[in-house]
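First up is the structure itself, then whatever we jot down about it.
The values are calculated or read from the model by the stated rules, or taken from the named source; none is laboratory data. Model, not experiment: these values are computed from the prediction. All Cβ positions, glycine included, derive from the backbone under ideal geometry; neighbour counts span all protein chains shown. SASA here: full protein model, heavy atoms, side chains in, ligands and nucleic acids out. Shrake-Rupley method; radii C 1.70, N 1.55, O 1.52, S 1.80 Å.
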Amino acid sequence: MYLMILGAPGSGKGTQGTLIAEHLGIAEVSTGALLRAAVKQGTPLGLEAKRFMDQGLLVPDQVILSLIRGILDSKEAARGVLMDGFPRTVPQATAVDQILKDRKAQVDMVLLLEVAEDELVTRLLARAAKEGRSDDNLESIKQRLKVYHDQTAPLVAYYDQQGVVSRIPGMGNVDEIQARVRDAVGGKA
Ligand code: B4P
């Protein structure tokens, strides 16, 4: 089973992705978390990614795709994967479609978390105060929202054409939203 969780920065992808992957017993892959781990370890990938992340920009597609290929080849991914924060561009989506096709698989469902923009900013500023993530400052948040609208939102039409998008109202508390996510995947799990 290959699930994706799509939404603007702060929409709850990481929060809901972890819960639903655990519920389904499949691996969760967060490209954001993998990149942050690489930054922390100071690897060449991390050093390259940090320049983009701190400015609120996307890390180049070829860097992300080599990460994803490695993960899809791993034995942890054998039962399926929940991809959180990936894909973020149409070239990433077409590339993963091809990778899955080569394995006689396809994207089963895309969960789209829909959250009002003022709530997104409130959540990310709250996280900034708590965790001090270097990309959670107002300037970078505004840039990330712009990048989302310009480069990631077109993926909704891309996956609508495949008939796999499930829209989840992402306002409310974490448990309420998780119940909606579970309802949506219920028919697929
Ligand atoms: P991500 O790690 O994906 O970060 P994000 O978009 O900010 O969302 P995240 O999943 O962390 O937060 P969530 O909404 O769960 O990406 C970071 C950066 O990495 C990108 O800007 C980019 O540079 C790079 N990157 C990652 N993937 C890439 C790709 N495929 N291609 C290119 N570049 C890539 O939660 C936000 C906050 O809200 C949390 O504090 C959470 O606790 C809170 N929250 C969640 N649900 C809530 C609720 N219901 N009510 C109140 N608060 C809630």
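Round to the nearest 10 and report in Å² the accessible area of PHE52, as given by a 1.4 Å probe over the protein chains' heavy atoms.
Spelled out: PHE52, probe radius 1.4 Å, area about 50 Å².
State, as an integer percentage, the relative contact order of the range 65-189 based on alpha-carbon contacts under 8 Å between residues 6 or more apart.
On the way: 81 pairs, mean separation 39.9, N = 125.
This gives 32 percent for the range 65-189.
Quick one: accessible surface of GLU117, probe radius 1.4 Å, all protein chains present, in square angstrom to the nearest 10.
90 Å²
Can you list the trypsin sites (Lys or Arg not before Pro) in the range 123-189 that are in a DSSP coil and have 15 or fewer other beta carbons within 10 angstrom? Each step should come with its number before you reach the end.
On the way: sites: ARG123, ARG127, LYS130, ARG133, LYS142, ARG144, LYS146, ARG167, ARG180, ARG182, LYS188; in loops: ARG133, LYS188.
In loop regions of the range 123-189 (DSSP not H, G, I, E or B), the sparsely surrounded trypsin sites (Lys or Arg not before Pro) are ARG133, LYS188.
Tell me, what is the per residue accessible area of the chain in Å², probe radius 1.4 Å? Show your work: numbers first, answer last.
On the way: 9480 Å² over 189 residues.
Result: 50 Å² of accessible area for each residue.
Might you work out the accessible area of LYS101 for me, using a 1.4 Å probe with all protein chains in place, and round it to the nearest 10 Å²?
140 Å²
Please state the Cα pair-distance histogram of the range 143-189 with 10 angstrom bins from zero: what percent is in each bin?
23, 36, 38, 3
With 31 Å as the limit, write out which pairs from LYS13/LYS75; LYS104/LYS142; LYS50/LYS104; LYS40/LYS146; LYS104/LYS146; LYS13/LYS40 have Cα-Cα distances beyond it, or answer none.
Details: LYS13/LYS75 24 Å; LYS104/LYS142 39 Å; LYS50/LYS104 35 Å; LYS40/LYS146 26 Å; LYS104/LYS146 35 Å; LYS13/LYS40 21 Å.
Correct reply: LYS104/LYS142; LYS50/LYS104; LYS104/LYS146.
What net charge is computed for the residues neighbouring LEU45, neighbours being all others with C-beta under 12 Å from the C-beta of LEU45, Lys and Arg scored +1, Asp and Glu -1? Before the final figure, lay out each step's value.
Details: positive: ARG36, LYS40, LYS50, ARG51; negative: GLU48.
Its environment carries a net charge of +3.
Place a point 7 Å from Cα of ALA78 in the direction of its Cβ. Which residues in the range 98-140 have their backbone N less than 15 Å from it?
Once the point is set 7 Å along Cα→Cβ of ALA78, nothing inside the range 98-140 turns out to lie under 15 Å by backbone N.
Tell me, what are the semi-axes, in whole angstrom and largest first, of the equivalent ellipsoid of the range 2-186 as set by the roots of 5 times the Cα gyration tensor eigenvalues?
Values: eigenvalues 108, 87, 50 Å².
Listed largest to smallest, the semi-axes of the range 2-186 are 23, 21, 16 Å.
Quote the charge dipole size of the range 2-186 about the Cα centre in Debye, to the nearest 20; the model charges only the Cβ of Lys and Arg (+1) and of Asp and Glu (-1).
It comes to approximately 380 debye.
Along the charge dipole of the range 2-186, pointing to its positive end and built from +1/-1 on Cβ of Lys, Arg, Asp and Glu, which listed residue (ILE64, GLN143, MET109) has its Cα farthest out?
The residue sitting most towards the positive pole is ILE64.
Using only DSSP helix segments of four residues or longer, with each worth -39500 (n - 2.57), what per-residue ellipticity at 222 nm results for the chain after dividing by its residue count and rounding to 500?
Working: 9 runs with 105 residues, N = 189.
Roughly -17000 deg cm²/dmol at 222 nm, from the helical runs in the chain.
If you average the alpha carbon positions of the range 115-155 and of the range 32-106, how far apart do those two centres end up, in angstrom?
So the separation of the two Cα centres works out to 20 Å.
Rounded to the nearest percent, how much of the accessible area of the range 5-54 (1.4 Å probe, protein heavy atoms only) is carbon and sulfur?
On the way: 1330 of 2230 Å².
It is 59 percent, rounded to a whole number.
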